[in-house]
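Encoded as structure tokens, the structure appears first; notes follow it.
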Amino acid sequence: MKVFNSILVAIDFSENSEYAFDYALSLATQYNAELTVLHVINEPVDLRGFYVPHISFEQLEKEIEESAATMMENFCSSRLGSFTNYHTSIVTGMPYDEIISVAARIKASLIVLGTHGRTGLDRILFGSTAERVVRSAPCPVLSVRMPA
């Protein structure tokens, strides 16, 4: 069995990603691996040139980043327990691109992410982050789907 020494888990704070996180934490504990908890803020639609009442685009971006940092802090403090060998990262971009980029940068030996299990038209319209990561990842990917 391959030993995992650096595990990247991508979370979007959904129930699916929380379920996948439990797998990542279990593996990190079992292998005494460093765990990187990554949240990708989807690149927002550029609203410059449009009237958005009461808030500037820059202020909106700042609020999204602050909210993500607060959510990450709350998530980690409630889910990690006594596990201390972890880092967090919040980046902005296309989720699959950023997951692959961070995995390469930290030399991850495993990527763990939740999947929604979309099919049909949903999959065509929204794509599959997990599928795109699997195709281009620099390491193995564990895709975790919640039981039905």
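The values are calculated or read from the model by the stated rules, or taken from the named source; none is laboratory data. Here the structure is a predicted model, which is why all the values come from computation and not from measurement. Heads up, the Cβs are rebuilt from the backbone with ideal geometry, glycines too, and the neighbour counts pull from every protein chain shown.
Points worth noting:
- When residue 84 is tested against the conditions (1) loosely packed, with under 12 Cβ neighbours inside 10 Å; (2) modelled with pLDDT under 95; (3) not in a helix (DSSP H, G or I), the lone failure is (2).
- Residue 95 meets each of the listed conditions (1) at pLDDT 95 or above; (2) crowded, with 17+ Cβ neighbours inside 10 Å apart from (1).
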